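Q: Take this structure first; my questions come after.
Since every read-out is calculated from the coordinates, none of them should be taken as a lab result. Only a predicted model underlies this, so the values are computations on that prediction, with no experimental measurement involved.
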Amino acid sequence: MRVLMEEDEVRLADTVRRGLTDAGFVVELVHNGEDAVWAAPETTDDVIVLGIMLPKLNGYKVLEQLRETRRLGPRPDAHRQGR
């Protein structure tokens, strides 16, 4: 499984990446919101992990941009909420 992870704290990012890699995941790491928006359509990630307080674009804005550009599907529970 492929994971795109955004984390601006380098030590934390390395620790989480190492743990995910040891568990068998393939991890692409970016360090700010703009890079996350740019990297998302370029990869075939199964999961995107975003921080909330990110440099340049916060995690909510990244998610909003990915949904607006159809680079990310609707929320998994959207069908239950009439979205």
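Q: Taking a ≥ b ≥ c as the square roots of the eigenvalues of the Cα gyration tensor of segment 11-53, is the shape rounded (a/c under 1.5), prolate (a/b larger than b/c) or oblate?
A: Details: a/c = 2.32, a/b = 1.27, b/c = 1.83.
Since a/c reaches 1.5 but b/c is at least a/b, the shape of segment 11-53 is classed as oblate.
Q: Can I ask one more? Under a 5 Å amide H to amide H cut-off, with H placed in plane at 1.01 Å, what residues pair with V27 once short-range neighbours are removed?
A: For V27, the qualifying residues are V3.
Q: Now, a different point. With θ taken as phi - 60° and the coefficients 6.51, -1.76 and 1.60, list the Karplus ³J(HN,Hα) couplings across segment 28-41 in order, rounded to whole Hz; mark glycine and proline as x.
A: Karplus-based 3J(HN,Hα) across segment 28-41 equals 9, 10, 10, 10, 7, x, 4, 5, 5, 4, 5, 6, 4, x Hz.
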